[in-house]
Amino acid sequence: MKTKENLEPIFETTTFWDFPTQNYGKTKHGDNKYSGVTPAFIIWNLIQRYTAENDLVVDPMCGSGTTIDVCKEENRDVIGYDIVPYRDDIIQCDARKLPLENDFADFIFVDPPYSDNLKYNDHPRNIGKISCTKNNYFIELEKVIIEIKRVLKKKKNVAWLIGDHWRSKTGLIPVGFKFYEILSKYFMPVDIIIVRRRNQTSNTSIWHYRAKKFNFYLRGFKYLLIFKNSKT
């Protein structure tokens, strides 16, 4: 019988990914208590498809370090940045200005804040303090995309994990669609993956009750947008 301790990643072959836990195996990959932690299965699948051993993977919003842990285990070189580093092997940096040369990275993964609904830190330049109800949220993250374009090697790939936003006062904000349009300005689309959301705080009986009573939907998935740097 498989348990959380011996779960191994599955090589995904469809555009629907569903992971029962944040982590796999007996080794930690990131911190599953970190707000908005990235599922390690996602990183594992992406680097199997889009990188080879010793390729350089860059994560400009590294959070709790999931990308670093998976890449080291899979013999990829990796650099993780964050505006407020969570641990010692993450470099302090604003993702809008990466300290890297042009055409440097073999693959880039980004799991940005989806709005201001989670508190990551108190840094004044933290994009996660900007609501996606404001256009400035998209303006600032487009600066990250432009910087990714600069440091990513030609014909190499970037993956952007993002979710939509809904609040009773604003209704639906299709954040995923908006970023697909922005990324398409700079890169060629490869595919769109749907990643089921399992462990968000709204996945409780009280929130399911509210969704039925007040006639709204809980966010059930995220978009994994995959693009190639083949546009000049």
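The values are calculated or read from the model by the stated rules, or taken from the named source; none is laboratory data. This one's a predicted model, so the numbers in the text were calculated from it and none came from an experiment. All Cβ positions, glycine included, derive from the backbone under ideal geometry; neighbour counts span all protein chains shown.
Points to keep in mind about this one:
So that you can scan it fast, the table gives a plain yes or no per residue for (1) outside any loop (DSSP other than H, G, I, E, B); (2) of a type outside the set (Phe, Trp, Tyr); (3) surrounded by fewer than 17 Cβ atoms within 10 Å (Cβ to Cβ); (4) touching a Gly at 6+ places or on another chain (Cβ under 8 Å):
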residue: Tyr24; (1), (2), (3), (4): no, no, no, no
residue: Val37; (1), (2), (3), (4): no, yes, no, yes
residue: Phe41; (1), (2), (3), (4): yes, no, no, no
residue: Asn54; (1), (2), (3), (4): no, yes, yes, no
residue: Met61; (1), (2), (3), (4): no, yes, no, no
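- Looking across region 72-98, the residues that are touching a helix residue (DSSP H, G or I) at 6+ places or on another chain (Cβ under 7 Å) and either farther than 25 Å from Glu140 by Cα or part of a strand (DSSP E or B) (or both) come down to Glu74, Arg76, Val78, Gly80, Asp89.
- With respect to (1) assigned to a loop (DSSP other than H, G, I, E, B); (2) in contact (Cβ under 8 Å) with a residue 40 or more places away in the chain; (3) surrounded by 13 or more Cβ atoms within 10 Å (Cβ to Cβ); (4) not aliphatic (A, V, I, L, M), the lone exception for Glu101 is condition (3).
- Hey, Tyr180 outside any strand (DSSP E or B), of a type in the set (Ser, Thr, Tyr) and under 16 Å from the mean Cα position of the chain (by Cα) or not: yes
- Failed condition for Ile206, given (1) exposed (fewer than 14 other Cβ atoms within 10 Å of the Cβ); (2) at pLDDT 90 or above; (3) among the hydrophobic types (A, V, I, L, M, F, W, C); (4) assigned to a helix (DSSP H, G or I): (2)
- Positions within region 106-118 being under 16 Å from the mean Cα position of the chain (by Cα) and of a type outside the set (Gly, Ala, Ser), in sequence order: Phe107, Ile108, Phe109, Val110, Asp111, Pro112, Pro113, Tyr114, Asp116, Asn117, Leu118
- Of the criteria (1) farther than 26 Å from Arg196 by Cβ; (2) surrounded by fewer than 22 Cβ atoms within 10 Å (Cβ to Cβ); (3) among the aliphatic types (A, V, I, L, M), which one Ala95 fails: (2)
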